[in-house]
Amino acid sequence: MPIIKNFAKLPIWLQFVLNILILYGLWEIFYKFLRDYYLVDYFYEQVIYFLSRLQLKLSGFLLTLFGYKVKIYCKVITINGSNGVLLDRGCLGRNVLGVFLGFIFAFPSMLKKKFWISVIGVVVFIILNVLRITALTIIDYCCPRYLDINHHYIFTIIVYSAIIVMWALWLRSLRESKQPPEP
């Protein structure tokens, strides 16, 4: 196919930009059109439900390890005597994770390397989110006046910093794998 052969001859930065545009288009098609189909929407909702329950249960487990009495009601986790923290769809970090994975899959490199950094990135991101939910629940219990600043600013900075560090390490590993070994 001449288009694919010519695409590989483009500068890496242009391949990356074109891949980002294609992935963004697919993302938009999914959210605007494909979610209208029952099976696609059902599968999507099941994944969201699974991720919510997983993160709430892991956060609850950590909180009980710290000695707190925890209750989970639907999408709310609470320490006895507090208002609780709502794990809404936006709190799952779908969009942030989408940006992370989009960057990985848009960058021209071997699929095998993309797969492993994606798996590692998703696991790290879920762990960070569980720690975030756990910390927010403790903050809600002990000092709720600091909940908003931690939720909207502090933890956002931490998560985005972690993503940037993972990107940088991945890009460094790609660069180092292309260099010839020293004698």
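The numbers here are math on the coordinates, done by the rules we state, and not lab data. As the structure is a prediction and not an experimental result, all values here were calculated from the model. No Cβ is skipped: glycine too gets one built from the backbone with ideal geometry, and neighbour counts run over all protein chains shown.
What ranking do 91-98, 7-14 get when scored by the average of other Cβ atoms within 10 Å per residue, highest first? All intermediate terms of the calculation are to be shown ahead of the outcome.
Details: 91-98: 16.8, 7-14: 10.4.
Ranking the peptides 91-98, 7-14 by packing returns 91-98, 7-14.
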Checklist entry - Relative to the longest principal Cα axis of the chain, at what angle does helix 12-32 sit, 0 to 90 degrees, rounded to 10? => result 50
Checklist entry - Using Cα atoms only, what is the angle between the long axis of helix 94-106 and the major principal axis of the chain, expressed in degrees (0 to 90) to the nearest 10? => result 20
Item to check | Helix axis angle, 111-142 relative to the chain longest principal axis, alpha carbon, degrees | outcome: 20
Checklist outcome for this item: Placing each pseudo-label 7 Å from Cα in the direction of the beta carbon, residue 50 and residue 167 end up separated by a distance in nanometres of 2.8
Item to check | Sequence ranges 120-127, 34-41, ranked by mean other-Cβ count within 10 angstrom, highest first | outcome: 120-127, 34-41
